[in-house]
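Scroll down for the structure; my scribbles are underneath it.
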Amino acid sequence: VAQFQALDALEPLTAYFEVYGLAADTAGVAHFEYTYRVRSATRDRRVWAQRLLSPAQAPPELDGLWSGANSGPLRRQFVSVPIQDLPPGRWRLEVRARDLVTGEEAAREAQFTRLPTTAGDSR
């Protein structure tokens, strides 16, 4: 994942990534899919006994899947992640791309911070 963009707290997060080395099928077309997952990057700092006796409510997660075809071994891809309903905090975006011709996978992750909405927002 190379870039992030979220102009304000009410917009989705836009991430950009590139997939290299896609294999072509017999018709010369590369088939691929990517998945993304957003999960909290904040660690539970309580001692193990506190976590056992009083489990914290699991933070929300977001998942998405998309597949497509491409002519050539390079795919440039934008993904729009609807983070508007996530609470403020540190989050991790994980992206996994899979070549559907060879089955090879690549995964990367990046962290971002979801800022609280301001008083002027209509939310």
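The values are calculated or read from the model by the stated rules, or taken from the named source; none is laboratory data. The model shown is predicted, which means the values in this text are computed figures rather than measured ones. As a convention, Cβ positions derive from the backbone with ideal geometry for all residues, glycine included, and neighbour counts pool all protein chains shown. For the accessible areas, the whole protein counts, side chains as well, though only heavy atoms, and no ligand, DNA or RNA atoms are used. Shrake-Rupley method; radii C 1.70, N 1.55, O 1.52, S 1.80 Å.
Structure values in brief
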| item | result |
| --- | --- |
| Checklist (1) buried (at least 16 other Cβ atoms within 10 Å of the Cβ); (2) under 17 Å from Glu109 (Cβ atoms); (3) at pLDDT 90 or above applied to Leu62, failing item | (3) |
| Pick from region 93-118, criterion of a type in the set (A, V, I, L, M) and exposed (fewer than 14 other Cβ atoms within 10 Å of the Cβ), ranking: modelled with the lowest pLDDT | Leu115 |
| Long-range neighbours under 7 Å by Cβ, at least six apart or interchain, first residue of a type outside the set (A, V, I, L, M, F, W, C) within region 50-78, second at pLDDT 90 or above and open to solvent by 90 Å² or more (accessible area, probe 1.4 Å) | Pro73/Tyr20 |
| Subset of region 26-43 (residues that are in contact with a Lys or Arg (Cβ under 6 Å, 6 or more places away or on another chain) and charged (D, E, K, R)) | Glu33, Arg39 |
| Residue ID - most open to solvent (accessible area, probe 1.4 Å), chosen from residues in region 68-82 that are among the small types (Gly, Ala, Ser) and part of a loop (DSSP other than H, G, I, E, B) | Ser71 |
| Qualifying positions in region 83-103 - touching a residue at least 12 places away in the same chain (Cβ under 8 Å), more than 15 Å from Val38 (Cβ to Cβ) and not in a strand (DSSP E or B) | Leu100, Val101, Thr102 |
